[in-house]
Amino acid sequence: GLGLPKDTLRCVGYHGFCFHSKSCPEPFAAFGTCSRRQKTCCIDTTSNFHTCQDEGGHCVPPEIKCLQEQVGLCPHREWKCCTEV
């Protein structure tokens, strides 16, 4: 890891950003905290930020071939979301 708190890494992994302010600028929505609750994790509401598992898929590393890819975010940015592996 990069030595960042897990919550911060999670925020960044889900297309979010840690803002110093308590409220998030448009089009972001508050999605938890980062940096030991010193900042607010804000997610871009214009992107489809459902996780892969929420959509019923599986996250696989880039070297694995998918039979069918689907929309959904994985904790590792370069991983793919697949319905079938």
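Here, each number is a calculation from the coordinates, and none is a lab measurement. Remember, it's a predicted structure, so these values are computed and weren't measured experimentally.
By a straight-distance test (C-alpha under 17 Å), which lysines pair with K22 as possible cross-link partners, with residues fewer than eight away in the same chain excluded?
K39
Which lysines have a Cα lying under 24 Å from the Cα of K80, excluding residues fewer than 8 positions away in the same chain?
K6, K65
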